[in-house]
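What follows is one structure encoded as C-alpha cells, with my remarks underneath.
Just so it is clear, none of the values below were taken in a lab; they were calculated from the coordinates. On a predicted model such as this, the values are computed, not experimentally measured, just so you know. When we count neighbours, we look across all protein chains shown, and the Cβ atoms used for this are built from the backbone with ideal geometry, even at glycine.
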Amino acid sequence: MSVSIEKVYLAVLEGDAIAVREHVQSALDVGNNAGEILNAGLIRAMDEVGQRFEAGEFFVPEMLIAARAMQSGLGLLKPHLADDDVHSSGKVVIGTVKGDLHDIGKNLVAMMLEGAGFKVVDLGTDVDPAKFAEEVRQGAQVVGMSALLTTTMNNMKAVIDAIEETGLRTEVRIVVGGAPVTEEFARQIGADGFAPDASSAVRVCKTLLE
Ligand code: B12
C-alpha cells in the first residue's frame, strides 16, 4: 500500500479532517486509484475506529471526529470514484422517527455505515412512516430507525406497519436504535435487528444482509 494511503488511514484515526483531505489529494496526485484510497484508507480506518470503540479505547466524541474527518476525505474522493471502484455493501435508508428531533446518534450511525461502504439515504428527523415506506419501494435493502424519546419510540411500529402495507416487508431488513430502545423492544415491534451503538449498527446491518 502506498505511503499516502497509509497517511490517509492515520489521519482519519487522529480525526484530523484537514490532514485527511491533504493526504487524499496527494494519494490521487501520485496516481493511486480512488477505490483503493477509499477502501484501504478511509474505510479501513473507520473499521479500526469501530473496533477501538467496542474495546472501550474510543468514545463517542472520538468516533464523531473520526467520522467527520472520513466524510471530508470522502467528499474530495467522490468525483473520482467510478461506479465499479466501490463495492457497495447495500442501500440503507435511515431516519429519526416522527415527533423526534434528536439526530446526533442517527448521524453517527449514518456516517459509520457510509464509512463501511453502504449507500446511505438519510431522511433526517421527524420522518413520516410513509417516507420510509416510499424508500422501500425505491429499493432500500435496510431501514434504520432512531428514537431518543420514550414517547416517539412507539412510532417505529407505525413505520413497520407502513412497510408491511407496501407488500415488500420480506424484501427489507429493519434495524432500530436510540437510547431508550432495547433488543426486546425491537423484537416486540417486529424489527429484524437492534444495535446499541454505531459500530455494532454496522455489524448488525452486514449480518442481516448476509
Ligand atoms: C442532545 C439532546 C437533545 C438536543 C438534540 C440535538 C440533536 N440535534 O440531536 C435537543 C436540545 C434539541 C433536545 C431536545 C429534547 N430532548 Co433531548 N436529549 C439530548 C441528550 C442530552 C443527548 C442525546 C444524544 O445526542 N446522545 C449521544 C448519541 C451519540 O447517542 P444516541 O442518540 O443514544 O445514539 C447512539 C445509540 O443509541 C445508537 N443509535 C442511535 N440511533 C440509532 C439508529 C439505529 C438504526 C441504530 C442501529 C442505532 C442507533 O447509536 C448511536 C451512536 O452510538 C439526551 C440525554 C441522553 N443522555 O441521551 C436528551 C434526552 C434524549 N432528551 C430528552 C427530552 C425530554 C427532550 C425534549 C422533550 C426536551 C423538551 N422538554 O423540550 C426535547 C424533545 C425534542 C424532540 N421533539 O425531539 C430526554 C428523553 C426522556 C425520555 N425518556 O423520553 C433525554 C433522555 C434527557 C433526559 N434525561 O431527560 N435534546
TODO: Collect the residues in the stretch 91-129 that are closer than 17 Å to A158 by Cβ, more than 8 Å from the ligand (Cβ to nearest atom) and either β-branched (V, I, T) or touching a helix residue (DSSP H, G or I) at 6+ places or on another chain (Cβ under 6 Å) (or both), keeping them in residue-number order.
DONE: V93, V97, K98, L123, V127, P129
Task: Residue count, the stretch 144-174 (criterion: of a type in the set (G, A, S) and in a helix (DSSP H, G or I)) - done: 2
Task: Pairs where the first residue, in the stretch 52-72, is under 15 Å from S200 (Cα atoms) and the second is among the polar types (S, T, N, Q), C-beta under 8 Å, 6+ apart - done: F53/S199; E54/S199; E54/S200; M63/S199
TODO: Can you tell me which residue within the stretch 188-201, out of those that are in contact with a Phe, Trp or Tyr (Cβ under 8 Å, 6 or more places away or on another chain) and in a helix (DSSP H, G or I), is farthest from the ligand (Cβ to nearest atom)?
DONE: S199
